[in-house]
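Nothing in this text is a laboratory measurement; each read-out follows from the coordinates by a stated rule. Just so we're clear, the structure is a prediction, and the values are computed from it rather than from any experiment. Here the Cβ is made from the backbone with ideal geometry for all residues, glycine too, and neighbour counts use every protein chain on show.
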Amino acid sequence: MPKHRHVCATTFLRLLVPLIPLAFAAAAGAADSAVEPPTCSATGTPPMQTVAPVTKRPVCTDGRVLSFDQNAVTRYACFNLPAHAVAGASQWPMIVYLHGSMTNPDSLYRDGGALFELSRDYPLSTHADSKGFILLAPEGRRAQAWASDGPHTGTGFHWDEWQRDPTTNLDVQAIDHFIDQAVATGLVDTKQIYVFGWSNGADMAVLYGAWRAERIAAVGQYAGTDPWQRTPCPVAMPSGRQVPLTLLRNMCDALATCGETSSWSNTLQQQNWPFRRVNLSWNGKDAGPGAQCAQTCGKAHGLYEHVRWPQKDVLATEMLEFFKANPLP
């Protein structure tokens, strides 16, 4: 097989892997929807219904596996340091990565390989002597997603973005714990802690940024929408510090539709939110500010774009530069 064809085939197969559980979830959506509709409250739904095994130990390529016991469930996270990080020598920015539904922290090294590569030496720090950044990738829980008006992602790993009470949300508490554990190493620049999420993790990133606005400098979303309007129980968007946000969105996306991300952008603009929107072409490149939603967007194409991450240069110039420009004061 010619080399270029081998590379294309390898890339296609790598992108195909995350599509498999999503495709099965879509096919089984009607059965999963049989879960009793929740009783809505001022903070959304009750806690999501977990299924065994609730968590699974990730591999954490080139990193450490962090864990702790939470209500008889072992919670996990991956912790990766820049290769030259030495305790006491300096401090580094940290990006908390929240994976999408039906996947786990190891998606950082597979689907998010470009971000993982950038963590080695990208100059994200406001201090010239620190290159690279720390990555912290907590794991969600296996649960049944609540049925909603939008696409149904079925039973698998999720973040509980439906229960919007940070005082009782176990996923929020798990993220808190792992950030505390990372900060305790003395290696984290606490003025530069960012949260970046993909899909369901992108929605959770916005929620977490709002609930921990005193700690999170800025938020990045890839293929995410307005988490406050998430059905079946939308809630009012809270007041408070407007945590700077960069939104990376696809012109064709089966799960975070272009119409939904346009509506989310309009909401942010109306509130004069400090945010940047980046439109992505089918191959993950920057399509420019004038790009329009695709007129036709089939399910297969939309799923492909949803799991295809932004290219490395887009992550660097559009998200990481935005993060660097927005540390905590």
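Key figures for this structure:
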{"item": "Residue satisfying all of: in region 99-124; charged (D, E, K, R) and touching a helix residue (DSSP H, G or I) at 6+ places or on another chain (Cβ under 8 Å); surrounded by the most Cβ atoms within 10 Å (Cβ to Cβ) among these", "result": "Asp111"}
{"item": "Matching entry among Thr153, Thr61 (being touching a residue at least 60 places away in the same chain (Cβ under 8 Å) and either over 20 Å from Lys324 (Cβ atoms) or of a type outside the set (D, E, K, R) (or both))", "result": "Thr153"}
{"item": "Residue count, region 233-256 (criterion: within 22 Å of Trp309 (Cβ to Cβ), free of Cβ contacts under 8 Å to residues at least 60 places away in the same chain and of a type in the set (S, T, N, Q))", "result": "1"}
{"item": "Region 311-328 - residue that is in contact with a Lys or Arg (Cβ under 8 Å, 6 or more places away or on another chain) and outside any helix (DSSP H, G or I) and, of those, farthest from Trp273 (Cα to Cα)", "result": "Gln311"}
{"item": "Any chance His127 is surrounded by fewer than 19 Cβ atoms within 10 Å (Cβ to Cβ), touching a residue at least 60 places away in the same chain (Cβ under 8 Å) and out of contact with any Pro (no Cβ under 9 Å at 6 or more places or on another chain)", "result": "yes"}
{"item": "Residue within region 67-74 that is buried (at least 18 other Cβ atoms within 10 Å of the Cβ) and of a type outside the set (Asp, Glu) present", "result": "no"}
{"item": "Cross-chain or 6+ apart pairs with Cβ under 7 Å, region 177-189 first and of a type in the set (D, E, K, R), then part of a loop (DSSP other than H, G, I, E, B)", "result": "Asp189/Gln91; Asp189/Ser125"}
{"item": "Output for region 245-295, where each listed residue is hydroxyl-bearing (Ser, Thr, Tyr) and either touching a helix residue (DSSP H, G or I) at 6+ places or on another chain (Cβ under 6 Å) or not in a helix (DSSP H, G or I) (or both)", "result": "Thr246, Thr257, Ser281"}
